[in-house]
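The values are calculated or read from the model by the stated rules, or taken from the named source; none is laboratory data. Everything quoted here is computed from the prediction, not taken from an experiment. When we count neighbours, we look across all protein chains shown, and the Cβ atoms used for this are built from the backbone with ideal geometry, even at glycine.
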Amino acid sequence: MKTLDLKPIHVVDHLVHPDEFSDISWSSSALEIFTDFRHHQPQVIEHTLSALEAGALMRKAHVKLMLVVDRDDEFVGTVSAMDLSEQRLILHTARGIRREELRVSDMMHDRTAIQGLEFNRLSTATIRDVVETLKQSGQQHCLVVDSDSHHIRGLISSSDIARRMHMPIEIARQNSFVDIFQSIRR
């Protein structure tokens, strides 16, 4: 075993962040822009939390998507900042539900309605492949799953990709029949 030399850091004052580097390109591996839950703690929120509290928590944490869990810490869906927006709250209150009574479970996307990327496919894909997939699906975020292990392995965020690539990535959300039907039904 050897001892490493320690150096004084008094002359160093800049703290680096991943988005300061230009070390990826469109042809880089998609794994470069993937938030792997084997190495990063997922951002989770309980389904029983007040929608108002959840919105405040997401703003404070500067996140646009959280995974929703039940009391056993099992995945039940996702909720985005857009889902908790003032416009969505107004839609629910128009149905006679008081703002204070709204829960994350009222606003979230149930796991049965969510599609994700298979980790095996992601490991052979490029960043360009992922961005095209996000654009085609109209999704800002995409979960990555390992079906063999029955795990949600991680998350891809278009805003994280844009930050790392130092360029805007425009993804137009596509309203599906289900979105339209649910907004009318609510």
Completion exercise
Given the conditions (1) closer than 22 Å to LEU117 by Cα; (2) in contact with a strand residue (DSSP E or B) (Cβ under 8 Å, 6 or more places away or on another chain); (3) in contact (Cβ under 8 Å) with a residue 40 or more places away in the chain; (4) not aliphatic (A, V, I, L, M), every one holds for SER25 apart from (2)
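This table checks each residue for (1) of a type in the set (S, T, N, Q); (2) surrounded by 14 or more Cβ atoms within 10 Å (Cβ to Cβ).
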{"residue": "ALA30", "(1), (2)": "no, yes"}
{"residue": "ILE33", "(1), (2)": "no, yes"}
{"residue": "ARG38", "(1), (2)": "no, no"}
{"residue": "THR48", "(1), (2)": "yes, no"}
{"residue": "ALA51", "(1), (2)": "no, yes"}
{"residue": "HIS62", "(1), (2)": "no, no"}
{"residue": "VAL69", "(1), (2)": "no, yes"}
{"residue": "THR78", "(1), (2)": "yes, yes"}
{"residue": "MET82", "(1), (2)": "no, no"}
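Picking from GLN87, GLN174, which residue would you name as being modelled with pLDDT under 95 and assigned to a helix (DSSP H, G or I)? Let's see the steps before the verdict.
Numbers: GLN174 fails: assigned to a helix (DSSP H, G or I).
None of the other options fit; the residue is GLN87.
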Fill in the blank from the handout: Result of the Cβ filter at 7 Å on the stretch 51-64, keeping first residues that are charged (D, E, K, R) and partners that are assigned to a helix (DSSP H, G or I) and surrounded by 12 or more Cβ atoms within 10 Å (Cβ to Cβ), at least 6 apart or interchain, is LYS64/SER159
Handout entry: So SER159, is it out of contact with any strand residue (DSSP E or B) (no Cβ under 8 Å at 6 or more places or on another chain), polar (S, T, N, Q) and under 18 Å from ARG59 (Cβ atoms)
Key = yes
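Does LEU102 count as modelled with pLDDT of 95 or more, touching a helix residue (DSSP H, G or I) at 6+ places or on another chain (Cβ under 8 Å) and farther than 26 Å from VAL144 by Cα?
Yes.
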Exercise for the section: For ASP110, state whether it is over 24 Å from ASP160 (Cα atoms) and either surrounded by fewer than 16 Cβ atoms within 10 Å (Cβ to Cβ) or small (Gly, Ala, Ser) (or both). Expected result: no
